[in-house]
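The values are calculated or read from the model by the stated rules, or taken from the named source; none is laboratory data. As the structure is a prediction and not an experimental result, all values here were calculated from the model. Here the Cβ is made from the backbone with ideal geometry for all residues, glycine too, and neighbour counts use every protein chain on show.
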Amino acid sequence: MDKIKSKSNYFSIESVRDFLNSKKRTVSNPTINRYLYDFKKEGIIFDAGKSWYSFLENPFSLYSVPVKPFVQIIKKGFPLLPFTCWSTQQLNSFTHHLLAKFIIFVYTDSDFMRNLSTFLKDKGYNVFENPIKSEIQKQFTMTENTIVVRPAITKQPTSQNNISPIEKILIDFIIENEKLSIMDLSESEYVIKSVINSGRINISEISSYAKRRNVDLATIINYIQNNINVELVD
């Protein structure tokens with residue numbers, strides 16, 4: 001556990017098995033599971049989703065203040081509309097350079113995107129309805145009240161009070177940053193690593209959602225595990 005902790009705040013059962021096998025140490029799966037169970041019971045490690053554990057005791061605390069008023073605006077106009085949202089402002093404390101302007105992303109049923117976009121435009125927001133690459137290059141501008149409306153993704157991490165959880169935000173952020181150039185690549189990588197290590201997140205959820213959105217899973221695991229399989233030494 002000390003060797004794992006020195007390299008990463010997260011690890012999987014598989015990484016433990018691979019490490020033991022690389023050192024030619026024969027340990028049965030039930031024995032490994034028993035040790036992990038005991039470590040978890042003693043408060044040495046904590047659950048981070050199916051087959052994943054973390055040394056971080058406290059779950060990630062999501063800053064939701066920037067989107068709460070926005071959620072109420074949509075609920076008032078569309079009481080029965082299923083949607084989830086997040087803002088780049090929620091990630092601002094994890095950047096090297098603070099963002100001056102923010103984007104709110106809203107994900108809802110594709111059949112309701114047009115009505116929602118019109119409603120938000122009437123409220124004075126700078127709204128872009130699921131913009132494609134050519135539209136982004138020609139028309140996209142970031143102002144004080146910029147909103148991007150996207151179609152909801154099936155089997156996404158469950159939101160609370162219509163606010164996206166951090167496991168969804170991180171994957172969405174990777175995709176949207178590539179499309180909209182919110183910040184440069186090195187800065188976005190810093191944000192992801194800072195978030196992951198500031199509080200415990202559900203690794204199995206973020207991995208599953210990454211697959212759903214065709215985000216390179218190896219990259220995500222690298223952020224999480226810091227090449228633990230390669231770097232562990234005897």
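Laid out as a table, the results:
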{"item": "Residue in the stretch 135-144 that is part of a helix (DSSP H, G or I), modelled with pLDDT under 90 and among the charged types (D, E, K, R) present", "result": "yes"}
{"item": "Pairs where the first residue, in the stretch 187-203, is within 18 Å of residue 97 (Cα to Cα) and the second is among the polar types (S, T, N, Q), C-beta under 6 Å, 6+ apart", "result": "188/177; 191/95"}
{"item": "Residue, nearest to residue 197 (Cα to Cα), within the stretch 1-54, restricted to residues that are in a loop (DSSP other than H, G, I, E, B) and of a type in the set (A, V, I, L, M, F, W, C)", "result": "48"}
{"item": "Filter result for the condition that a residue is modelled with pLDDT under 95 and in contact with a strand residue (DSSP E or B) (Cβ under 9 Å, 6 or more places away or on another chain), over 6, 15, 51", "result": "51"}
{"item": "Considering residues of the stretch 95-134 that are basic (Lys, Arg) and assigned to a loop (DSSP other than H, G, I, E, B) only, the residue nearest to residue 212 (Cα to Cα)", "result": "101"}
{"item": "Of all residues in the stretch 11-50 being among the β-branched types (Val, Ile, Thr) and without any contact (Cβ under 8 Å) to a residue 12 or more places away in the chain, the one that is surrounded by the most Cβ atoms within 10 Å (Cβ to Cβ)", "result": "27"}
{"item": "Yes/no for residue 158 being free of Cβ contacts under 8 Å to residues at least 12 places away in the same chain, at negative phi and within 22 Å of the chain's Cα centre (by Cα)", "result": "yes"}
{"item": "Number of the condition not met by residue 76 [criteria: (1) modelled with pLDDT of 95 or more; (2) under 28 Å from residue 204 (Cα atoms)]", "result": "(2)"}
{"item": "Residue ID - surrounded by the most Cβ atoms within 10 Å (Cβ to Cβ), chosen from residues in the stretch 104-142 that are closer than 17 Å to residue 162 by Cβ and among the β-branched types (Val, Ile, Thr)", "result": "106"}
{"item": "Yes/no for residue 86 being among the aromatic types (Phe, Trp, Tyr), under 30 Å from residue 190 (Cβ atoms), modelled with pLDDT of 95 or more and surrounded by 15 or more Cβ atoms within 10 Å (Cβ to Cβ)", "result": "yes"}
